[in-house]
1. Where only protein heavy atoms count, and the probe is 1.4 Å, what is the accessible area per residue for the chain in Å²?
2. Could you tell me the calculated FRET efficiency between ASP144 and ARG72, based on Cβ-Cβ distance and R0 = 30 angstrom, to the nearest 0.05?
3. Which whole-number percent gives the relative contact order of region 89-222, counting Cα pairs below 8 Å spaced six or more residues apart?
4. Using the Kirkwood formula over every pair of different C-alpha atoms, what hydrodynamic radius in Å results for the chain?
5. Can you list the lysines whose alpha carbon sits under 16 Å from that of LYS13, skipping same-chain ones fewer than 8 residues off?
6. Heavy atoms only, probe 1.4 angstrom, no DNA, RNA or ligands counted: give me LYS43, LYS150 ranked by accessible area, highest first.
7. Could you work out which residue, out of GLY133, GLY201, GLY192, moves most in a Gaussian network model of the chain, that is, has the largest mean-square fluctuation with Cα springs under 10 Å?
8. Given labels modelled 7 Å from the Cα in the Cβ direction, how far is it in nm from ASN82 to ASP23?
Amino acid sequence: MSLEDVIERIRCKAIDAGRIPSDIELVAVSKMQPDDRVDAVLKQGHRVFGENRVQEALKRWRSRRDTFPDLRLHLIGPLQTNKAAEAVEFFDVIQSIDRRKLLDKVSATSVKIGRCPDLFIQVNTGNEEQKAGVSVEELPDLIDYAVNEKGLKISGLMAIPPVDEDPAPHFALLKKLADRHDLRHVSIGMSGDYETAIELGATCVRVGSAIFGERQSSVSVG
Ligand SMILES: *Cc1c(COP(=O)(O)O)cnc(C)c1O
């Protein structure tokens with residue numbers, strides 16, 4: 001696979017599903033990928049990337065941002081409260097909001113710096129103990145807190161289905177929740193299942209290995 005193949009498959013799948021291809025944003029997940037692969041994808045003109053750690057993202061993207069001011073960076077990994085301020089300053093989209101404490105930090109920082117990234121709430125649709133995300137039951141309360149108590153806008157929802165289950169019911173559930181709360185963005189689908197996700201309403205797919213190849217267990221980024 002390659003960037004071009006993935007873009008083409010997204011286009012075909014969208015058309016099959018009666019959707020408009022440009023309604024689906026491709027986030028190229030560059031976490032744990034060597035710099036040369038990331039630079040090759042930049043050279044092909046892609047500008048939307050996802051990282052799952054704040055520090056790794058800062059290291060890789062701070063300098064590249066000067067060269068490519070039109071970059072759009074998504075945080076897709078769990079966010080610690082003590083890294084929230086840095087994340088708000090640096091990312092364009094934070095997809096992993098899952099608790100009130102984070103919303104408090106996001107709100108305080110965005111007031112201070114005068115801008116706020118797009119915010120998605122991560123939902124733990126599989127109720128997995130080790131996984132980040134708010135439960136389906138607690139989602140309405142968290143949205144209410146964000147909007148009515150913190151004055152923040154929530155743009156969408158994100159989910160990572162359990163690895164050993166059919167993702168389709170999880171995708172369908174997330175889409176239903178987004179519709180119910182009138183949220184535009186649905187972030188579902190990774191390398192193995194982004195076509196299914198598009199059928200089920202994804203507006204954002206997060207694709208890593210199908211674009212870049214297998215991740216390295218340790219890479220030095222810079
Ligand atoms: C790593 C990661 C991806 C990309 O996974 P691939 O299988 O390589 O496409 C997508 N979403 C999240 C949240 C991830 O952590």
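1. That works out to 48 Å² for each residue.
2. Given R0 = 30 Å and the Cβ-Cβ separation, E is 0.60.
3. Details: 209 pairs, mean separation 24.3, N = 134.
The normalised contact order for region 89-222 reaches 18 percent.
4. Values: mean 1/r = 0.0566 Å⁻¹.
Hydrodynamic radius (Kirkwood, Cα only) of the chain equals 17.7 Å.
5. By straight Cα distance, LYS13 reaches no lysines at all.
6. Details: LYS43 180, LYS150 65 Å².
Putting LYS43, LYS150 in descending order of accessible area: LYS43, LYS150.
7. Between GLY133, GLY201, GLY192, it is GLY192 that shows the largest mean-square fluctuation.
8. With each label placed 7 Å out from Cα toward Cβ, I get 4.4 nm.
The values are calculated or read from the model by the stated rules, or taken from the named source; none is laboratory data. Predicted, not measured: the structure shown is a model, and the values here were computed from it. Using ideal geometry, Cβ is built from the backbone for each residue, glycine included, and neighbour counts are taken over all protein chains shown. Areas reflect the complete protein model, heavy atoms only, side chains present, ligands, DNA and RNA absent. Shrake-Rupley method; radii C 1.70, N 1.55, O 1.52, S 1.80 Å.
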